[in-house]
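Here is the structure we will look at.
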Amino acid sequence: EGVNPQEYTGIKLRVLEWSDAAKTPVEKVPDNSNVYFVAATLRPETMYGQTCCFVGKDITYGVFKVSDKDYFVVSDRAARNMAFQDIFASWGDLEKITEVRGADLIGTTVKAPLSIHESIRILPMETVKSTKGTGVVSCVPSDSPDDYATVTELARKADYYGIKKEWAELEILPIIESPKYGNLIAKALVEQMKINSSKDAKLVEAKEEAYKEGFYHGKMLYGEFKGQPVSEAKELVKEKLIKSGDAFNYAE
Ligand code: A2H
């Protein structure tokens, strides 16, 4: 972790139905509560295009009480940070209800705010770090080369990953138009740079290029701020998500 704080937007993805393996550990969560996976993002303007949500198979996630009705699924580390950012009911207070291993969360369905897809799946990503953000990453394959490389790999090797192929094949929505890479920046870069694994070292460069191109030259193609530059839409979408209660600021 660096010296400068990283400011994320915490996106709340509400659980619709738990995977079979998660059902026993989550019995401790009171009935009729809302449980949310919280994904940490730097690109709130892309949330229209969420197609799944990634966890690390080997990461242990806690289910933390936020209020009488609401619970968050995040890493212990993130929950500890959140307790000192006015995110839980009382400052510094942390109540862990239960724990679930990432592997056992795979297949759970969630409702992701702004996404064109009504229901998306929790899927595994091998490059999720337990030491960054919440340990939960929302997947936007149109604009994140890492996400694009991961979903294509998941679909290609669905049996190996123990998932259904169609879970990784939801429609990829064009959200941002770039003069250089068209309307699916991540796909264009992954193909152009011949990246064919989610662990390819070239993803570092692809990620940087996608971010710069999107932010400085991208224009919104979708949503309420369609036609506006990404550099302006970013804050506007973030504010909209915070206002509706679907997101909050999270720093570390
Ligand atoms: B971003 P930084 Cl569309 N492990 O959100 C691995 N990656 C993580 C993570 C973790 N624990 N926590 C967050 N991230 C991802 C959207 C997005 C993102 C787009 C394009 C680029 C992009 C949709 N995924 O990030 O190291 C999250 O993915 C490129 C940098 O703190 C988060 O934003 O700078 C970003 O990495 C945070 O990375």
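Look at ASP93 and say whether it is surrounded by fewer than 22 Cβ atoms within 10 Å (Cβ to Cβ), closer than 30 Å to GLY223 by Cβ, at pLDDT below 95 and not β-branched (Val, Ile, Thr).
no
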> Does any residue of segment 172-183 turn out to be surrounded by 13 or more Cβ atoms within 10 Å (Cβ to Cβ) and assigned to a helix (DSSP H, G or I)?
Replying inline: no
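Where residues in segment 57-115 are part of a loop (DSSP other than H, G, I, E, B) and within 16 Å of the ligand (Cβ to nearest atom), which of them is farthest from LYS226 (Cα to Cα)? Explain how you work it out, then say what you get.
Within segment 57-115, the first condition is being part of a loop (DSSP other than H, G, I, E, B), and the residues that meet it are 57-59, 66-69, 83-95, 106-108, 112-115.
This time we only want the ones that are within 16 Å of the ligand (Cβ to nearest atom), so: 57-59, 112-115.
Working: LYS57: 36, ASP58: 39, ILE59: 37, ALA112: 20, PRO113: 17, LEU114: 14, SER115: 15 Å.
Among those that are part of a loop (DSSP other than H, G, I, E, B) and within 16 Å of the ligand (Cβ to nearest atom), it is ASP58.
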>> Looking at segment 1-18 only, could you name the residues that are within 18 Å of the chain's Cα centre (by Cα) and either outside any strand (DSSP E or B) or aromatic (Phe, Trp, Tyr) (or both)?
In response: GLN6, TYR8, TRP18
> Applying the selection to segment 122-131, what residues are touching a Ser or Thr at 6+ places or on another chain (Cβ under 6 Å) and assigned to a strand (DSSP E or B)?
Replying inline: ILE122
> Quick one: would you say TYR148 is among the aromatic types (Phe, Trp, Tyr), closer than 13 Å to PHE54 by Cα and either outside any loop (DSSP other than H, G, I, E, B) or under 18 Å from the mean Cα position of the chain (by Cα) (or both)?
Replying inline: yes
> How many residues are more than 12 Å from the ligand (Cβ to nearest atom), assigned to a helix (DSSP H, G or I) and surrounded by fewer than 16 Cβ atoms within 10 Å (Cβ to Cβ) if we restrict to segment 206-230?
Replying inline: 1
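The values are calculated or read from the model by the stated rules, or taken from the named source; none is laboratory data. Being a predicted model, the structure only gives us computed values, none of them experimental. Glycine gets a Cβ as well: all are built from the backbone with ideal geometry, and neighbour counts include every protein chain shown.
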